[in-house]
Amino acid sequence: LRFAESKYGWFARLEHYLSITFRSQSKSASHASKTNINTTMPWQRPGLSLEKRFEHACKLVIILSHAATTEELLTLYGYYKLVNFGAAPENSDKGLQGRDLYKRKAWIEASNLSPVEAQEKYIEILDKLADRKRSKASSQAKTSGASSNIGKASKMNDPFVLYPIKIAGMGSYLPERIVSNQEIQRLNGNDDYAVEATRTGVTTRHFCSEEETMITMSAEAIRRAADSASISLNDIDLILCASGISHQTIPDDACLIQKELGLGESGIRAFSVHGTCLSFMVALDVAGSMMNSSSKYKTVAVVSASKASAGINFTDSHTAGLFGDGAAAAILTQSSGTNAVHATFTETYGCGEQYCQILGGGTHRPADSPNYERLMDKFKMDGESTVKLVGARLGDALDRFIPGLQFGLEHLLVNETKHIDIDWIVPHQASGLALDAMSFFGWPQEKILRTLDCYGNCVAASIPLTLAYGIKSGKIRRGDRVMILGTSAGVSFGGMVFTF
């Protein structure tokens, strides 16, 4: 030992010192570059044509909308309509009320400009909003209290593994009836209404027949998932219904699904997890925790279904063309290999509880209540307030999930132990505008899976339907690292990273 110390000790200490110094400097430089709010927004990059700058600005307006006044948002809307649909028709504001009237007036006012002038003015407003966001980000202290789990709960001695479980199989079900935008427009009854003009991003969607219910769709999705996992339905230890909306109030939908599967006398535990559009992700978290803490649950079925068509107000031009029906299920099993859930994350901001609502269907306003109105059973959304809340909070929320996530998908440090790259993002299919805005975070569009154009927004079923599509199409393969991500009514943010 004395010989080793005299011969090699000075060299080892010098190497250790240089290594620590280099890592510290690299970490500081990386942190500085990431925490500095993007000094150049995508539409501000040199060499872009006006059309390309305008295209980028339109995609990212949702992220900056929280920094805008209502007047600025209306002005942006008017410019966008002029550039994409031409001047507003004469006297087209007749008979309109409320928000629709203000938006139409903004379009009429913008019609005095040329398309080129409208594009330039649109970008000028976005530049101002970006400056406001930078200014606010540099002075605002980050909040704490996020519910984030990263590699802490596993019985395995791997800090990178939260739950040692795998998705052994997936199955999906889509109703046979395919509904076009033209049919939605007929149901709306307004001759001037065009689904394409609303930026929903939906071309077709599936609607249930009278015979198809959330229960029958859920059961069929589980059957297909069980076939994919090569298991019998009797092998299932737990059925988790994660639909966000229910077939009926009582009993719980999971009981009805169990019976529909022919397991009504099996005694298999069945219950629901409700997190609106994030229900599937929340149910995966619940299932992983239960499987990790008890040997009773070796095989779990998680299913999400949506019959959103039952809650659409077709006279609401903003949401009439957005939603679709369908179901998807996953079979979860224990994993002893690389398949695992690595991180989960949820934040809820109840201040946004009024932004997305179906007021009826509960005890607060029963059908025989004097305060009950028929449209209380239909979906209602305050889109402007929703995007403002999401735009104001999502970036920092992503950083509380995984530091650096709001700046890219590569070399992310999880739990300060492992650098990872995200291979695929499976987002909630909220709207075309919401999906386009993800490019703000430097996430390549080719890594973001989309089913919105042909499925619509299927509420809680959106994430598993898109995940099932990614697997069936061969895009997502075993060993790929997948991040599911989304927002839900309430308003909540949520995400999960797992190795498929």
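The values are calculated or read from the model by the stated rules, or taken from the named source; none is laboratory data. Keep in mind it's a predicted model, so treat the numbers as computed, not measured. As a convention, Cβ positions derive from the backbone with ideal geometry for all residues, glycine included, and neighbour counts pool all protein chains shown. Heavy atoms of the whole protein, side chains included, go into the accessibility calculation; ligands, DNA and RNA do not. Shrake-Rupley method; radii C 1.70, N 1.55, O 1.52, S 1.80 Å.
Residues L101, L467, sorted by accessible area with the largest first, give L101, L467 [1.4 Å probe; ligands and nucleic acids excluded].
Inter-label distance, S111 to T70: 2.4 nm, where each label sits 7 Å from its Cα along the C-beta direction. Which links in K59/K136; K388/K418; K59/K128 stretch past 23 Å when you go from one Cα to the other? Pairs exceeding the cut-off: K388/K418. Centroid-to-centroid, using Cα positions, segment 395-474 and segment 171-186 are 25 Å apart.
Charges were assigned to the Cβ only: +1 to each Lys and Arg, -1 to each Asp and Glu. The resulting dipole of segment 163-279 about its Cα centre is roughly 360 debye. On the beta carbon distance between N91 and K447, with R0 = 41 Å, the FRET formula returns roughly 0.30.
Could you calculate the contour length gain from L187 to E210, that is, 0.36 nm times the residue separation minus the distance between their Cα atoms, to one decimal place in nm?
6.5 nm
The local environment of A68, defined by Cβ-Cβ distances under 9 Å, has a net charge of +1 under the rule Lys, Arg +1 and Asp, Glu -1.
Averaging the sequence gap over all C-alpha pairs within less than 8 Å and six or more residues apart, then dividing by the number of residues, gives the chain a relative contact order of 19 percent.
Each residue of segment 491-499 was assigned a 3J(HN,Hα) from its phi angle through the Karplus curve 6.51 cos²θ - 1.76 cosθ + 1.60 (θ = phi - 60°); the sequence is 9, 10, 10, x, x, 8, 10, 9, 9 Hz, with glycine and proline shown as x.
For the chain, a simple Cβ point-charge model (Lys and Arg +1, Asp and Glu -1, everything else neutral) yields a dipole of about 1800 debye relative to the Cα centre. From most to least packed by mean Cβ count within 10 Å, the peptides 41-47, 103-109, 476-482 give 103-109, 476-482, 41-47.
In this Cβ point-charge picture (+1 for Lys and Arg, -1 for Asp and Glu), segment 435-480 has a dipole of about 260 debye about its Cα centre. Here Cα Rg over 2.2 N^0.38 Å was calculated from the structure, and among (1) 1.16; (2) 1.02; (3) 1.07 it sits at label (3).
Packing here is the average count of other Cβ atoms within 10 Å per residue, and on that basis the peptides 356-365, 283-292, highest first, run 283-292, 356-365.
Entry note, the chain: the mean residue ellipticity at 222 nm calculated from DSSP H runs of n ≥ 4, each adding -39500 (n - 2.57), is -11500 deg cm²/dmol after division by the residues and rounding to the nearest 500. When the square roots of the Cα gyration tensor eigenvalues are ordered a ≥ b ≥ c, the ratio a/c for segment 381-490 is 1.5 or more and a/b does not exceed b/c, which makes its shape oblate.
Listed by chain and number, the aspartates and glutamates whose alpha-carbon sits under 19 Å from that of K296, ignoring those within fewer than 8 places in the same chain, are D235, D237, E265, D285.
With the charge dipole of the chain set up from +1 on Lys and Arg Cβ and -1 on Asp and Glu Cβ about the Cα centre, the Cα lying farthest toward the positive end among the listed residues Q354, L398, A254 is that of L398.
Taken along the Cα-to-beta-carbon direction at a fixed 7 Å, the label points for K128 and K296 span 6.0 nm. The Cβ shell under 14 Å around I123 holds other residues with a net charge of -2, Lys and Arg each +1, Asp and Glu each -1.
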